[in-house]
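First up is the structure itself, then whatever we jot down about it.
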Amino acid sequence: MQAEVTASKHGLAAGDAGRPERADWTIDQGWEAYSEAEHATWKTLFERQTRLLPGRACDAFVQGMKDLPIGADRIPDFRRLSEVLMQRTGWQVVAVPGLVPDDVFFEHLANRRFPSGNFIRKPHELDYLEEPDVFHDVFGHVPMLLNPAIADFIQAYGEGGLRAQALGCLPQLARVYWYTIEFGLVEQADGLRVYGAGIASSSAESVFCLDSTSPNRVRFDLERVMRTRYRIDDFQESYFVIRDLDELLDFTRVDFAPLYQRALGARELQPGELLADDLLYQRGDGAYHRGRR
Ligand code: HBI
Ligand code: FE
């Protein structure tokens, strides 16, 4: 009896490291259970980012935000987001307690389900937290899912993830996701813009990535990016720039297997390292990261 009670408590705790109740790790968002304080945290983050993003976020992000039921006053309800997404690009948002195992993550993406953390960061973690919460996932990622190229690219990433695991080159594929969907920049007629969710959901990095003289801004190249390590605990030392979002569609049509082979055979590149044949928008002066070593 005692053991049963303990086990069911474990299964319910969000963010608990134990076994999930459902095999696909989804949980109910529990929208009705958010407290006023949690909605207020969302509002603080939403208003701060909404001020920063004009002239920084790409057009697709701005348009996606307009077209979705995402506003300042309430943490969005995944059911309402999914209604719009499903009609436009066939995507849904499903709730998860935080990071899920790679294969579970890929399986969702391959089926056009975007797993989003249902919890929101605490007021003392406004600027940085390790696990993706509802602000990162919904504010950062969901507007981009209305873009057809992003919609197809993320699905292809899910499908490719399952293949990459089998080939032993998941780190190489994960770098492509990192430097596109999380920290990507795109060329627009009016200048470089943010499309990566890790940037769009971070107030400091959305300024740093475009305005600072410190980081490199490099023309995106698939094999080059597969070789490039990344930082998970600080601003990026290099950002990679795509020509337009449709360039991502090209990547869904190429066979990654030979690229993996070449990337695995070549030297790994450090996050801030440049190569002679890189096409540069900016050669970073490295001042920010040098000061932190
Ligand atoms: N789980 N919820 C969640 N969100 C992610 O972005 C995520 C994940 N699990 C694994 C993972 N990302 C990455 O390590 C893979 O993309 C490789
Ligand atoms: Fe993310």
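The values are calculated or read from the model by the stated rules, or taken from the named source; none is laboratory data. If you're wondering where the values come from, they're calculated on a predicted model, not measured in any experiment. Reconstructed Cβ throughout: ideal geometry from the backbone, glycine too, with neighbour counts over all protein chains shown. Quick note on the areas: whole protein, heavy atoms, side chains included, nothing else; ligands and nucleic acids left out. Shrake-Rupley method; radii C 1.70, N 1.55, O 1.52, S 1.80 Å.
Structure values in brief
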| quantity | calculated |
| --- | --- |
| Most mobile listed residue (158, 71, 198) in the chain, GNM with C-alpha springs under 10 Å | 71 |
| Full-extension gain in nm, residue 86 to residue 247, via 0.36 nm per residue minus C-alpha separation | 55.6 nm |
| C-alpha center-to-center spacing [region 41-91, region 198-237] in angstrom | 22 |
| Within the chain, longest stretch free of exposed GluC sites (Glu not before Pro) [DSSP loop, at most 14 other beta carbons within 10 Å] | 131-267 |
| For residue 242, solvent-accessible area (1.4 Å; no DNA, RNA or ligand), Å² | 0 |
| Heavy atoms of residue 290: accessible area, 1.4 Å probe, square angstrom to 10 | 150 |
| By accessible area with a 1.4 Å probe, ligands and nucleic acids excluded, highest first: order of 225, 62, 84 | 62, 84, 225 |
| On Cα atoms only, tilt of 78-89 relative to the major axis of the chain in degrees | 40 |
| Surface accessible to a 1.4 Å probe, residue 144 within the full protein complex, Å² | 10 |
| The chain: angle of helix 36-52 to the longest principal axis, Cα-based, in degrees nearest 10 | 20 |
| Backbone HN-Hα couplings from phi across region 215-221 [Karplus 6.51/-1.76/1.60, Hz, Gly and Pro as x] | x, 7, 10, 10, 4, 5, 9 |
| Projected label distance in nm at residue 207 and residue 281, using a 7 Å step from Cα toward the beta-carbon | 1.9 |
| Of all accessible heavy-atom area on region 31-292, the percent that carbon and sulfur account for (1.4 Å) | 50 |
| Bridge type composition, region 31-292 - antiparallel percent by DSSP, nearest 5 | 30 |
| Phi to ³J(HN,Hα) by Karplus 6.51 cos²θ - 1.76 cosθ + 1.60 over region 62-68, Hz, x for Gly, Pro | 4, 5, x, 4, 5, 7, 10 |
